[in-house]
Amino acid sequence: MPTADYAHYAVVTALWAIGNAVVGTGTGTRIAKMSADGHRRIRFQQSELWVAVAAAAGVGLYVGAVREYNFDALVAGLCMLSFVFAESSTSFELGAGRFNRYLIILATRALAPLLFLGTLFVLDAVTFTTAICSTFAANLVSLSLWPRRWSAALERAKGISSHAVGAMNMALWIIASADRLILEGIVQPLELATYAMAYGLVDRVFRSLSNAYIARNLRRSFQGTSSKSGVLYLGGMALIAVLLVPGVHWGTNILSGGRYVADFDVALGVVAAGLFMVWSAPRYVALMASGSYRSSIGILGLLAALNIGGNFIFAPSFGIVGAAFVSAATYLFWLIWLVGRSIHQKSTVLMIGRHVRVAA
């Protein structure tokens, strides 16, 4: 792929990720709840469709302005829309507890683009246009699986607010990504590359574990079964973290051929951030199932602002080490908030119908 095309493609994939974090995950959470409640068809709310179309239009307008090619703009926008539908598709299967279907759809979304792009690479035809067309085609393939799930009827606005969940996920996306954007203008490219590789290794491990936990327990939480993080879960994640600290140091050295080597202080900060993130997963699942998000949105907005401010304050003096520990502190504060919220709920009198349950 030409250098200019690759640069444009990198920006567009980032825009897709932001759009999916804001729109797709929020809509998907509501649809997962709908599926857990026994609904057999995927139905969108009108406001969700309008927001998805707005996100698609935003991506399309950006690509049209940069590429000055209407076909690229159209496909990039449609691809953004297909990501929202694909996220809803996987969430629907999670809510219903159909993990075989969930894994098939997930594998299709992951492998189909590789197949298309691999073919194009062999034919020496990888460009920006063919790359976004491959991504769009892969999403369409995943959406075509079990087509009878889809309904053209609109769902009434009730229950979980997909827009509130989207706002929380957007704040979490900022916490996870703002450091690298800020560091780009502060540290040397070699340091940034080292940090990006270290973060990528840790995030791949802990993000996969967190997503696996959410996938396994989301339906139970929606059905009223609490998601508890026992000693085995917490201890297992801590053990993985201990092993990851030297693993990140050696892994960056091996994978980069000695060009990017993360020191142990960087590895410690990045791993601590990942550990606090994965420890928060059970509490976050319970939060999503609760339907009560107002205070958590405020806290996440504050933490995202503190994360950005902390990076601007500490990165100039401490570089990537400062950024790593700012991320770790932010995720720690988020974990403390979730634990405190859970303790507060357990100490509250809950009335369900005629039954009253008071914490012991």
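The values are calculated or read from the model by the stated rules, or taken from the named source; none is laboratory data. Since the model is a prediction, treat every value here as computed from it, not as a measurement. As a convention, Cβ positions derive from the backbone with ideal geometry for all residues, glycine included, and neighbour counts pool all protein chains shown. Remember, those area values only see protein heavy atoms, side chains included, never the ligands or the DNA or RNA. Shrake-Rupley method; radii C 1.70, N 1.55, O 1.52, S 1.80 Å.
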query: In this structure, is VAL285 within 25 Å of ILE214 (Cβ to Cβ), at pLDDT 85 or above, open to solvent by less than 10 Å² (accessible area, probe 1.4 Å) and of a type in the set (Val, Ile, Thr)?
result: no
When (1) within 23 Å of ILE186 (Cα to Cα); (2) open to solvent by 10 Å² or more (accessible area, probe 1.4 Å); (3) of a type in the set (A, V, I, L, M) are applied to LEU332, the one that fails is (1)
Log entry, pairs with first residue in segment 244-270 being farther than 15 Å from GLY319 by Cβ and without any contact (Cβ under 8 Å) to a residue 24 or more places away in the chain, second being open to solvent by less than 10 Å² (accessible area, probe 1.4 Å) and among the hydrophobic types (A, V, I, L, M, F, W, C), beta carbons closer than 6 Å, six or more apart or on different chains, reads HIS249/ALA262; HIS249/ALA267
Within segment 138-197, restricting to residues that are surrounded by fewer than 21 Cβ atoms within 10 Å (Cβ to Cβ) and among the charged types (D, E, K, R), the one that is modelled with the lowest pLDDT is LYS158
Across segment 47-61, the tally of residues that are open to solvent by 20 Å² or more (accessible area, probe 1.4 Å) and either modelled with pLDDT of 85 or more or outside any helix (DSSP H, G or I) (or both) stands at 9
Scanning segment 25-41 for residues that are surrounded by fewer than 18 Cβ atoms within 10 Å (Cβ to Cβ) and touching a residue at least 12 places away in the same chain (Cβ under 8 Å), the one nearest to VAL285 (Cα to Cα) turns out to be ASP37
Log entry, pairs with first residue in segment 167-192 being over 19 Å from ILE313 (Cβ atoms), second being among the hydroxyl-bearing types (Ser, Thr, Tyr) and not in a helix (DSSP H, G or I), beta carbons closer than 6 Å, six or more apart or on different chains, reads none
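Taking only segment 274-307 into account, find how many residues are assigned to a helix (DSSP H, G or I) and in contact with a Gly (Cβ under 7 Å, 6 or more places away or on another chain). Steps first, answer last, please.
Going residue by residue through segment 274-307, those that are assigned to a helix (DSSP H, G or I) are 274-290, 294-307.
So of that shortlist, the ones also in contact with a Gly (Cβ under 7 Å, 6 or more places away or on another chain) come out as none.
Number of matching residues: 0.
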Considering segment 254-268, residues that are modelled with pLDDT under 90 and open to solvent by less than 20 Å² (accessible area, probe 1.4 Å), and then whichever is nearest to TYR195 (Cα to Cα), we arrive at ALA262
Reported set for segment 205-226 where residues are more than 17 Å from ALA21 (Cα to Cα), assigned to a helix (DSSP H, G or I) and not β-branched (Val, Ile, Thr) is PHE206, LEU209, ALA212, TYR213, ARG216, ASN217, LEU218, ARG219, ARG220, SER221, PHE222
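Looking only at segment 16-24, decide whether some residue is open to solvent by 40 Å² or more (accessible area, probe 1.4 Å), at pLDDT 80 or above, out of contact with any strand residue (DSSP E or B) (no Cβ under 7 Å at 6 or more places or on another chain) and assigned to a helix (DSSP H, G or I). Show your work before the answer.
Taking segment 16-24 and keeping what is open to solvent by 40 Å² or more (accessible area, probe 1.4 Å), we get 17-18, 22.
Filter once more, keeping what is at pLDDT 80 or above: none.
The answer is no; no qualifying residue exists.
Do the conditions hold for ASN311, that is, is it in a helix (DSSP H, G or I) and open to solvent by 60 Å² or more (accessible area, probe 1.4 Å)? Full working, then the answer.
Values: in a helix (DSSP H, G or I): yes; open to solvent by 60 Å² or more (accessible area, probe 1.4 Å): no.
For ASN311, the condition - in a helix (DSSP H, G or I) and open to solvent by 60 Å² or more (accessible area, probe 1.4 Å) - is not met.
Is it fair to say ARG109 is in a helix (DSSP H, G or I) and either free of Cβ contacts under 8 Å to residues at least 60 places away in the same chain or surrounded by fewer than 20 Cβ atoms within 10 Å (Cβ to Cβ) (or both)?
Values: in a helix (DSSP H, G or I): yes; either free of Cβ contacts under 8 Å to residues at least 60 places away in the same chain or surrounded by fewer than 20 Cβ atoms within 10 Å (Cβ to Cβ) (or both): yes.
Yes: the conditions hold for ARG109.
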By residue number, the members of segment 288-304 that are exposed (fewer than 14 other Cβ atoms within 10 Å of the Cβ), under 15 Å from ILE174 (Cα atoms) and either among the small types (Gly, Ala, Ser) or within 17 Å of the chain's Cα centre (by Cα) (or both) are GLY298
Being open to solvent by less than 60 Å² (accessible area, probe 1.4 Å), part of a helix (DSSP H, G or I) and modelled with pLDDT under 90 narrows GLY247, GLY251 down to just GLY251
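Inspect segment 180-198 for any residue being among the β-branched types (Val, Ile, Thr) and in a helix (DSSP H, G or I) and give the result as yes or no. Even if it seems obvious, please write down each step before you answer.
Applying the first criterion (among the β-branched types (Val, Ile, Thr)) to segment 180-198 yields 182, 186-187, 194.
Among the residues that remain, those that are also in a helix (DSSP H, G or I) are: 182, 194.
The answer is yes; a qualifying residue exists.
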Based on what the data block shows, is VAL271 open to solvent by less than 30 Å² (accessible area, probe 1.4 Å) and part of a helix (DSSP H, G or I)?
yes
